[in-house]
Amino acid sequence: MPDYDVFISYRHDGGAQYARILQLMLDQRGYKVFLDYDEVRDGNFTEKIRKAIASSAVFMIILSENALDKCNDKEDWVRKEISTALKLKKKIIPVNPDKTFNGIHAELPKNIYDTFNTIHHSEIYFGQALGATVDSLIKQRIEPITGKRNSKQNVDTTFDEAKISLEKQERLHRFIKKLLVSVSIIITIGVGISIYFLVDYFNERRRHEDEIERLEKLQNGIIRKYAQFNPILSDSLPESKLLAIDTILSKMVTLYPDSIWISKTEFSKGEWADIMGLKCADNERHYPVSDKSFVEIMEVIKDSLSEMTSINFDLPSAEEWEYAANGGRYKLGLRFSGSNTADSVAWFRGNSKRAVHKCGRTGKLPNYLDLYDMSGNIGELCNSPYTDGNGTEFFTVCGGNYDSAEKDIEISSKDFLPINDKNNKVGFRLIIRKK
């Protein structure tokens, strides 16, 4: 009799959760499953994997998005697992979770291409119908090979139920590990003292794990919410930086479809402080950041913000800025960004009392792309260099500011700032260019 009923192969990037949920569902229904998430952690394709495939009745592979794309690499783990299963003539069951699999590429090895182009792909829906589709898979494709198994007392039927069970299982595993550590402490320093430290240890670990779990949920939420930007967030980002990233991304609107986005508002002092890990007074947070040189701004954008997120943040070029201010593809041809009347959309010398105003929060109307303050309030530095006859490098400043005359806050208005100079009337607005 095989050691395992089912061996589950999957691509770690995109397939891990599907594999863990399927392992749980099959285990609840009485099937013994091998999954390298539990069994192997050294990162090498070991003899243990080969033996596990050999001793399994069924070889199941999770066809998540791009699951087979790397199989043209001879050292690819998934390719080795598939090749081993084919050599051993195992019953192969491809599973397409939530219809995420995006096809088989012709450049794959012929045996893999032929196999997955001919064998029926079972579709499993990770939602309310999860239990029903898993039971159907078992009855039609697994049970004829392994025989019927007796289900355990508690069997999940929906994805939400399965996630809860999996989380409980993970907590139990962590608890067991902590318990083993605690026992060693008790043996080492004595029962009386160890109880005190054990309680403190568990409380601290629980607080630490709760904090990690909370930050992971926040991080995963950002990754899901802004999937169009393909964010890859750095490990161990504090809550303040995660929330700042969330705020920044929430304000991005499309400039060029699926390639360039631009922020609704100018970059604020609060966002600058949070990204840099600095303090910012509450009454200053929503005002645009200013008095920063081009070099300082690009260091924050590229060395900090882009590094944290793997998103290609940048300053707009002067041409991109003017295109956005003029309504993008709608090309409205207005004098100011959003109107031919300056007072309705801009803070300038005629209405600002010569003071800067909060970013997009002061009653002025946005333009057609929902962009605020592109005319007036604070001059916006662009990534368009200019070198004068003396070799001094300048960068273009667009839109005018709160102290500009009406004629100087038109969409076409330009000024220039030396690369290392600072000006308390000049800030910036972010764009994202898709890599």
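Each reported figure results from applying straightforward, stated rules to the coordinates on display, with no laboratory input. All values reported here derive from a predicted model rather than from experimental measurement. For neighbour counting, all protein chains shown are included, and Cβ atoms are generated from backbone atoms with ideal geometry for every residue, glycine included.
Let me know the Kirkwood hydrodynamic radius for the chain, please, with Cα pairs as the basis and the value in Å to one decimal. If you can, show how the numbers build up before the last one.
On the way: mean 1/r = 0.0383 Å⁻¹.
Taking every pair of different Cα atoms in the chain, averaging 1/r and inverting gives 26.1 Å.
Take the Cα pairs of the stretch 239-433, get the Kirkwood Rh, then feed it into Stokes-Einstein at 10 °C and 1.306 mPa s and tell me D in µm²/s. Let's see the in-between values first.
Details: Rh = 16.5 Å.
Rounded, D is 96 µm²/s.
With a Förster radius of 45 Å, plug the Cβ-Cβ distance of K178 and K434 into 1/(1 + (r/R0)^6) and report the FRET value to the nearest 0.05. Calculated value: 0.55. Along its first, second and third principal axes, ordered by size, the stretch 325-421 spans 42, 34, 21 Å in Cα coordinates.
Farthest toward the positive end of the dipole of the chain, out of G363, P288, I8, is the Cα of I8, where the dipole comes from beta carbon charges about the Cα centre. Using the charge dipole of the chain (Lys, Arg: +1 at Cβ; Asp, Glu: -1 at Cβ; taken about the Cα centre), state which of T247, I409, P231 has its Cα farthest towards the positive end. Going by the charge dipole, the pick is P231. Report the longest stretch of the chain that contains none of the GluC sites (Glu not before Pro) sitting in a DSSP loop with at most 13 other Cβ atoms within 10 Å. Longest run free of exposed loop sites: 108-435. Among the trypsin sites (Lys or Arg not before Pro) in the stretch 118-175, those located in a DSSP loop and surrounded by at most 13 other Cβ atoms within 10 Å of their own Cβ are K148, K152. Taking a ≥ b ≥ c as the square roots of the eigenvalues of the alpha-carbon gyration tensor, the stretch 119-174 is classed prolate because a/c is 1.5 or more and a/b outweighs b/c.
For the chain, the mean residue ellipticity at 222 nm estimated from helices alone is -11500 deg cm²/dmol, where every DSSP H run of n ≥ 4 contributes -39500 (n - 2.57) and the total is divided by all residues, rounded to the nearest 500. Helix 191-225 and the long axis of the chain differ in direction by around 60°, with both axes built from C-alpha atoms.
List, in the order given, every pair from K358/K425; K163/K225; K70/K110; K241/K435; K70/K217 whose Cα-Cα distance in the structure shown is over 25 Å. Display every interim value, and only then the final one.
On the way: K358/K425 13 Å; K163/K225 20 Å; K70/K110 14 Å; K241/K435 22 Å; K70/K217 29 Å.
Checking Cα-Cα distances, K70/K217 exceed 25 Å.
What size of dipole, in debye to the nearest 20, comes out for the chain about its Cα centre when the only charges are +1 on Lys and Arg C-beta atoms and -1 on Asp and Glu C-beta atoms? All intermediate terms of the calculation are to be shown ahead of the outcome.
Numbers: 61 positive and 63 negative charges, 282 e Å.
For this selection, approximately 1360 debye.
Computed from the alpha carbon positions, the gyration tensor of the stretch 160-224 leads to an equivalent ellipsoid with semi-axes of 30, 14, 7 Å, biggest first.
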